[in-house]
Amino acid sequence: MLVASVVTMLALLAWLTVARLPWFTGVVLVALTLVAVASVSLAAVVPRAAVEARLLLFLGVAVTLLAAGETQRRKLAASGDGDRAGRRWPYRIAVGLALFVALACIPAAAWDFNDDGFVPSAGELGPLPGGLDLRGAGGDSECGTGRCAVSYALVGGPGESADEVARRMWGHLTSRGWPQPDGGRSCRPAGWLLDTRETCVEISTADGAARLTLEGGRPYPRFADASSQSR
């Protein structure tokens with residue numbers, strides 16, 4: 001929300017340096033606001049689309065400024081007033097930077113971090129059911145080739161066995177949209193289109209104690225391929 005507001009305000013200030021039609025500036029402001037709202041809404045409706053929301057914001061700002069500039073030029077030319085706009089360099093810099101971020105920086109960053117592991121937040125599990133808790137402060141984390149993992153002790157209520165704790169936890173996760181576990185493990189995409197990494201949950205009940213592990217990074221088989229090449 002903050003990034004969208006700042007980018008929208010800077011884009012409007014850049015537009016004001018070339019604005020010739022006061023009424024048209026209101027139209028530009030509405031268009032920029034709609035771009036910002038669309039970006040924030042996308043991230044809110046599809047939380048995994050954080051990267052795409054930023055791309056929409058910067059690309060939308062650039063397209064809006066370019067379209068507004070061309071529209072104003074045509075209207076001034078049609079009225080015989082010419083196109084004697086004010087200082088153009090802030091406007092051109094704003095358009096250039098927005099295009100550069102949208103078409104170069106964001107795709108390049110996505111390409112780069114898709115090969116990196118990340119430590120998932122326990123917040124992705126949502127509020128735990130009553131009686132369940134993750135112990136171990138920040139968890140025990142480690143990173144390997146293309147993946148990172150963090151593990152916690154998963155504890156339940158008094159007298160509750162490790163298998164019962166795991167069963168309740170899986171029921172909670174599937175109710176929040178996680179796929180059904182396969183061999184004590186469940187994975188889902190961390191991103192949407194540009195971010196192709198995945199987040200995985202694994203629950204083990206070895207030695208009579210439940211332990212939950214979160215992994216983040218390259219999805220299989222890319223991770224398996226990279227691991228075999230690094231040996």
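The values are calculated or read from the model by the stated rules, or taken from the named source; none is laboratory data. Keep in mind that this is a model prediction, so the values were computed, not measured. As a convention, Cβ positions derive from the backbone with ideal geometry for all residues, glycine included, and neighbour counts pool all protein chains shown. Protein only, heavy atoms only, side chains kept; ligands, DNA and RNA dropped before computing areas. Shrake-Rupley method; radii C 1.70, N 1.55, O 1.52, S 1.80 Å.
Go through VAL101, LEU59, ALA14 and say which Cα lies farthest out towards the positive end of the charge dipole of the range 1-114; charges sit on Cβ, +1 for Lys and Arg, -1 for Asp and Glu.
Most positive-ward Cα: ALA14.
Taking the Cα centre of the range 4-82 as origin and charging only Cβ (+1 Lys, Arg; -1 Asp, Glu), how large is the dipole, in debye to the nearest 20? Walk me through the numbers on the way to the answer.
Details: 6 positive and 3 negative charges, 10 e Å.
The dipole magnitude comes to about 40 debye.
Keeping all protein chains in place and using 1.4 angstrom, which order do TRP15, TRP89 fall into by accessible surface area, from largest down?
Numbers: TRP15 0, TRP89 150 Å².
So, going from the largest accessible area down, we get TRP89, TRP15.
Cysteines without a disulfide-compatible partner in the chain, using Cβ under 4.7 Å as the rule?
By the Cβ distance rule, which asks for a partner under 4.7 Å, the isolated cysteines are CYS105.
Residue separation times 0.36 nm, minus the C-alpha to C-alpha distance between GLU164 and VAL27: what's the value?
Numbers: separation 137, 0.36 × 137 = 49.32 nm, distance 5.95 nm.
Difference between extended and current length: 43.4 nm.
Quick check: pseudo-label points 7 Å beyond the Cα along Cα→Cβ at TRP111 and THR17, how many nm apart are they?
Modelled inter-label distance: 3.0 nm.
Assuming R0 = 41 Å, what is the FRET efficiency of VAL46 and PHE100, from their Cβ-Cβ distance, to the nearest 0.05? Write out the running numbers ahead of the final one.
Details: r = 25 Å, r/R0 = 0.61.
Efficiency, from the Cβ-Cβ distance: 0.95.
Treating the beta-carbon of each Lys and Arg as +1 and of each Asp and Glu as -1, no other charges, what is the dipole magnitude of the chain about its Cα centre, to the nearest 20 debye? Let's see the in-between values first.
Details: 22 positive and 21 negative charges, 266 e Å.
With Lys and Arg at +1 and Asp and Glu at -1, about 1280 debye.
Please report the relative contact order for the chain, taking Cα pairs under 8 Å with a sequence separation of at least 6, and give it as a percent rounded to a whole number. Numbers along the way, then the final one.
Details: 333 pairs, mean separation 42.3, N = 231.
RCO, the chain: 18 percent.
Once you have the Cα-Cα distance between VAL6 and GLN180, take 0.36 nm times their residue separation minus that, and quote the gain in nm to one decimal. Could you put the intermediate results ahead of the total?
Details: separation 174, 0.36 × 174 = 62.64 nm, distance 4.12 nm.
The span from VAL6 to GLN180 would gain 58.5 nm if fully extended.
Taking 0.36 nm per residue of sequence separation and subtracting the Cα-Cα distance, how much length would be gained by fully extending the chain between ALA38 and CYS143, in nm to one decimal?
Numbers: separation 105, 0.36 × 105 = 37.80 nm, distance 3.56 nm.
Additional length available on full extension: 34.2 nm.
I want to check the label-to-label distance for ARG135 and GLU70. Put each point 7 Å from Cα in the C-beta direction and report it in nm to one decimal.
Taking the two extended label points, one gets 6.5 nm.
Roughly what angle does helix 2-16 make with the longest principal axis of the chain, taking Cα atoms, 0 to 90 degrees, to the nearest 10?
Helix 2-16 sits at roughly 10 degrees to that axis.
Heavy atoms of the protein only, probe of 1.4 Å, neighbouring chains included. What is the accessible area of THR33 in Å², nearest 10?
About 60 Å², ignoring ligands and nucleic acids.
Between helix 89-100 and the chain, what is the angle of the helix's C-alpha long axis to the longest principal axis, kept within 0 to 90° and rounded to the nearest 10?
30
Whole number in Å², please: accessible area per residue of the chain, 1.4 Å probe, ligands, DNA and RNA not counted. Don't skip to the end; give the middle numbers.
Details: 12480 Å² over 231 residues.
Result: 54 Å² per residue.
Ordered by packing density, taken as the mean number of other Cβ atoms within 10 Å over each peptide's residues, highest first, how do 186-194, 170-178 rank?
Numbers: 186-194: 16.7, 170-178: 13.8.
The densest-packed peptide leads the list: 186-194, 170-178.
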